[in-house]
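Report on one structure; see the data block that follows.
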Amino acid sequence: MDRANTLEMLIKDNGLLRKQIIWTAPTEADLANFPILSIDDLKKITLGTFQIRMADSYTNQHLQEEGEYRLFIHKENSSLFRVKLQSRFNRRATYQVWIQVDIGEHGHKAIDSYYCTCKTGSRTLGCCSHVCSVLKYCGYDRHQPPSTRRNHRAYSFLDAAVDIAGEEDDDE
C-alpha cells in the first residue's frame, strides 16, 4: 500500500504524458502480448467487484462507432499500452491510462503495473475503474464469444420504440 507507483514515475520522468509520436496503433501481434484475463484475475487486481461493474460503462463510452477500441502501444516498448478515456462525470475531462504487461506471465500476474491520471489512478493496491475498463475489455471481453459478451455499443442497440411484436409504439 505504501509502495510508490513505478510506472507513474517512469511516465512523469520521461515526459510520456505529453509525447504523442512515440505511440502507435497496435498490430495483431502486439495485441497478442496483452494477457488473457478471467473475471477472477480482474477481482484479484481490483480487490473487489465495484470497478468491474463500472468498467462496462467506460468501455461503452470509449468504443468508436465502428466498434474499435482506441488503444496505443509504445513504439519502443511493446509491453506498454496507453488509452485515453473520457470521464463519465465531466465531458471535458479525459484521463490517460497506462498498463505495463509482463509478456512472460499469464493471468493477473502478467499485469506488471498500471497508472491513470484520475484522482485515484496512481494507487498500487487495487485499481481505478478506468484501468479496470482497459483490462476488462482487452484482457477479457475481446476473448469472449459474441453471444456471451456484454451489450457494448459495438454489438447492438435495442430500439425502445419498437415493441416485442415488432410494431412501432403509437403512444407517443
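Would you check if ALA4 is in contact with a Lys or Arg (Cβ under 8 Å, 6 or more places away or on another chain) and of a type in the set (Gly, Ala, Ser)? Show your work before the answer.
Details: in contact with a Lys or Arg (Cβ under 8 Å, 6 or more places away or on another chain): no; of a type in the set (Gly, Ala, Ser): yes.
Considered against the rule, which asks whether it is in contact with a Lys or Arg (Cβ under 8 Å, 6 or more places away or on another chain) and of a type in the set (Gly, Ala, Ser), ALA4 comes out as no.
Being closer than 17 Å to ASP30 by Cβ, in contact with a helix residue (DSSP H, G or I) (Cβ under 6 Å, 6 or more places away or on another chain) and surrounded by fewer than 18 Cβ atoms within 10 Å (Cβ to Cβ) is the filter here; which residues of region 101-125 pass it?
ASP102
Hey, can you tell me all the residues within region 34-49 that are farther than 21 Å from VAL83 by Cα and not in a helix (DSSP H, G or I)?
Scanning region 34-49 gives LEU47, GLY48, THR49.
Condition check: at pLDDT below 90 and not in a loop (DSSP other than H, G, I, E, B). Does TYR69 satisfy that? Let's see the steps before the verdict.
Numbers: at pLDDT below 90: yes; not in a loop (DSSP other than H, G, I, E, B): no.
No.
The values are calculated or read from the model by the stated rules, or taken from the named source; none is laboratory data. Nothing here was measured: the structure is a model prediction, and the numbers come from that model. Here the Cβ is made from the backbone with ideal geometry for all residues, glycine too, and neighbour counts use every protein chain on show.
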